[in-house]
Protein chains: 2
Amino acid sequence: MKGYEVKSEMLKAMAHPVRLKILSGLIENECYVNEMQDNLNIPQSTVSQHLSILKRQGIIAPRKEGVRTCYKVVDKKAIKMINILDK
Amino acid sequence: MKGYEVKSEMLKAMAHPVRLKILSGLIENECYVNEMQDNLNIPQSTVSQHLSILKRQGIIAPRKEGVRTCYKVVDKKAIKMINILDK
DNA sequence: TCAAAATATTGTAATATATGGATAAATAGA
DNA sequence: TCTATTTATCCATATATTACAATATTTTGA
């Protein structure tokens, strides 16, 4: 059952409307947290927590640039799944 | 944001180890509830509830055969996503 | 009609997830 | 060093999900 748990963790990380929106955006272009915040219109701490869920699963990765952080999607499976959902 | 909610509902329906296992099995062969039960080794009501979550999302569909019910996967996207997870 | 078998539904307690304010940490520039 | 900016973390509360026993429903066959 272990394999199913790992897979379900990945799906769970993606299975939230805000996180799906973040991922869709990040697939188009990598993006800074403050930009996402403006785009999503939800509190900063909420954005940060959603990002940390995606990061913990290895779906996105941060790159520090001075005081800002730029995230991008690094998981190919996540990209493929988003594409399937979009069809 | 509506589209993201719809998509996240589908992912949430799939994002559980038992439901992933059910789906993997059903992709191989359609199957009766009592068979799944034997296979999963969890209470009947629990199996039934997982099936109803997948059914509500239109991922699987039942076919009544006498007193038994045979389920199969009817959502192509779900199949594709499972395949991606399996790679 | 009655009983047995298969499945669904309901009630509820335990657990997990989500939200947002408050606060902390890191960095750059004055 | 002090301040402003950006991001992360912590905490409490609200909401959602999960599990399973108990019960109901449906169907078949005696």
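The values are calculated or read from the model by the stated rules, or taken from the named source; none is laboratory data. Predicted model, so just to flag it, every value in this text is computed and none were measured. FYI the Cβ positions are ideal-geometry reconstructions off the backbone, even for glycines, and counts take in every protein chain you see. In case anyone asks, the SASA skips ligands and DNA or RNA and just uses the protein heavy atoms, side chains included. Shrake-Rupley method; radii C 1.70, N 1.55, O 1.52, S 1.80 Å.
Only one of B:Met81, B:Met14, B:Met1 is out of contact with any Gly (no Cβ under 9 Å at 6 or more places or on another chain) and at pLDDT below 95. Can you tell me which?
Being out of contact with any Gly (no Cβ under 9 Å at 6 or more places or on another chain) and at pLDDT below 95 holds for just one of B:Met81, B:Met14, B:Met1, which is B:Met1.
Evaluate the range A:36-44: report whether one residue or more is closer than 28 Å to B:Ile84 by Cβ and either in contact (Cβ under 8 Å) with a residue 40 or more places away in the chain or in contact with a Leu (Cβ under 7 Å, 6 or more places away or on another chain) (or both).
Among the residues of the range A:36-44, not one is closer than 28 Å to B:Ile84 by Cβ and either in contact (Cβ under 8 Å) with a residue 40 or more places away in the chain or in contact with a Leu (Cβ under 7 Å, 6 or more places away or on another chain) (or both), which makes the answer no.
Condition check ((1) open to solvent by 80 Å² or more (accessible area, probe 1.4 Å); (2) over 20 Å from B:Leu85 (Cα atoms)) across all residues:
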position	(1), (2)
A:Ser24	no, no
A:Glu28	yes, yes
A:Tyr32	no, yes
A:Val47	no, yes
A:Ser52	no, yes
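Write out, first by first residue and then by second, each pair whose Cβ atoms fall under 8 Å of each other, whose residues are 6+ apart or on separate chains, and whose first residue, in the range A:68-87, is within 22 Å of B:Glu5 (Cα to Cα) while the second is open to solvent by 80 Å² or more (accessible area, probe 1.4 Å) and part of a helix (DSSP H, G or I).
A:Ile84/B:Lys80
Being over 14 Å from A:Lys72 (Cα atoms) and in contact with a helix residue (DSSP H, G or I) (Cβ under 9 Å, 6 or more places away or on another chain) is true for just one of A:Ala61, A:Ala15. Which residue is that?
Answer to the selection: A:Ala15.
Of the residues that sit in the range B:61-87 and are within 15 Å of DNA strand D (Cβ to nearest atom) and on the phi < 0 side of the Ramachandran plot, which one is least open to solvent (accessible area, probe 1.4 Å)?
It comes out as B:Cys70.
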